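Structure record follows, encoded as structure tokens.
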Amino acid sequence: MPTDAARPPSPFILQHPILTALALSLGTAVALGVARFSYALLLAPMRADLGWPYLVAGGMNTGNALGYLLGALATPLLMRRFLAHRVLIAGAFATALLSFLPALTTDTLLQLLLRVATGVSSALIFVSGGLLVSRLAAMHGHRAGLLLGLYYGGTGLGIVAASLLVPPVMAAALAHGAAHPWQWAWLLLGTLALAASLVMAGPARLMPTTAAHVQGNGRWQARSLLFGLIGYLFFGLGYIGYMTFVIALLKEEGMPAERITLFFALLGAATFASSRIWARMLDRFRGGQSLAILNGLLALATLLPALTAEPVAVFASGLLFGGCFLSAVASTTAMVRHNLPPHHWPAGISAFTIIFAVGQIIGPTIVGWIADGAGGLQRGLSFSALMLLAGALTAWRQRPLA
């Protein structure tokens, strides 16, 4: 066990929980906003340039999710040997480095392997950061829902930054006659991830550690939260299809590039704002109600662009989806906090992360396979909406533990 396992919280952590949560949220900005969801902006140009069918384009995010699963399995083992903040910082800098590398190759297999590796490092961020923000929420119980929401809402910061910066960088690459303009975008994303990791590292090092938290080897019965886990599996299956393919769908439907940029930026802004919107709900409900409500709203948001290309409906979809999807992730961490003792938090968070990763592995490939058929992306998103609805119905059955 690490020698500094019993380090108390620093005065900064005690006095500035909001700033601490915002700093930690840069980890999710790197892991999800930059390394995963920004791929939606590059899917169409990479697909056109490299001749990928939708099955391969979606398979890139399947590879990312496979790596995420491997990382989620490895993180609890790493946190028994290393302090959680060290795992978080290592994962963040590894993800930043891996975000640069897709700019160096046009080989499909290498691109897939890089997506897998990025998934591994992103999971290190997500699980260890989730544990750290759970500790922070335990120290500031009256703000627990808000702090959890801020951490996961940080993904929106990465989405907004990418949506505003990737299009002009791609345009500049085209203007300079670059053979593969999307490579410039990956260089930008790597730079964003590196900058966010540097800012996050300082506050993360100030987080407290305790022997029970570091060991994280308490046993718990996963079946006690079975309906919550299955509801989260359906969430992983459903949401990832939207985040992978919605930009490609909007381009297919002829939406101007400026509107697509605005759409994705608003989705990211709504993701960050959701930390405030759902904070009370995360504090109030101890069972699967929060996950059920959010899954239901996400099903509606996913179905809208599958039914109509009307700009008002499309933008409403983006705002609703952005305002819910990372709060669904936060709701599972809140469920763990509400129902399990602190020494079971690492195992509980890891279990939800693993089941989440399994859904994400399957989802993009199925949606891509459906999209290559007669129904196109609209039918693929309809499948995603059905999965989210199933997640809502299942999660609603999860009751609080005694």
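Below is a table of values for the structure above.
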item	result
Label zone at Arg205 (point 7 Å along Cα-to-Cβ), backbone N below 19 Å, region 113-135	125, 129, 132-133
Separation of the Arg399 and Arg259 label points, Cα + 7 Å toward Cβ, nm	4.9
Positive-end residue, region 83-237 charge dipole about Cα centroid, Cβ charges, pick of Leu192, Met170, Thr105	Leu192
Contour excess over end-to-end distance, with Cα ends at Arg81 and Leu307 and 0.36 nm allotted per residue	76.4 nm
Dipole magnitude of region 6-132 about its Cα centre (Cβ charges: Lys, Arg +1; Asp, Glu -1), debye to nearest 20	400
Mean Cα-pair separation over length for region 1-113, i.e. relative contact order, pairs under 8 Å, 6 or more apart, %	40
Label point distance in nm, Lys251-Ala222, each placed 7 Å from Cα along Cα→Cβ	3.7
Listed residues Arg397, Arg115 arranged by accessible area, highest first, probe 1.4 Å	Arg397, Arg115
Share of carbon and sulfur in the accessible heavy-atom surface of region 137-260 [1.4 Å probe, %]	65
Mean separation of Cα contacts under 8 Å, 6 or more apart, over the residue count of the chain: relative contact order %	28
Extension gain from Arg286 to Leu19, taking 0.36 nm per residue of separation minus the Cα-Cα distance	93.5 nm
Chain lengthening between Thr191 and Thr106 when straightened (0.36 nm per residue, less Cα-Cα)	28.6 nm
Around Leu307: net Lys/Arg minus Asp/Glu count, Cβ-Cβ under 13 Å	-1
Among Gly149, Ala117, Pro76 - extreme Cα towards positive end, dipole of the chain, charges at beta-carbon	Pro76
Protein-only accessible surface order, largest first, of Leu381, Leu146 at 1.4 Å	Leu146, Leu381
Simple Cβ-charge dipole of the chain, Lys/Arg +1 and Asp/Glu -1, about Cα centre, in debye nearest 20	1360
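The values are calculated or read from the model by the stated rules, or taken from the named source; none is laboratory data. Remember, predicted model here, so these are calculated numbers, not experimental data. Every residue, glycine as well, gets a Cβ built from its backbone with ideal geometry; the counts of neighbours run over all protein chains shown. We work out accessible area using only protein heavy atoms, side chains counted, and drop any ligands, DNA or RNA first. Shrake-Rupley method; radii C 1.70, N 1.55, O 1.52, S 1.80 Å.
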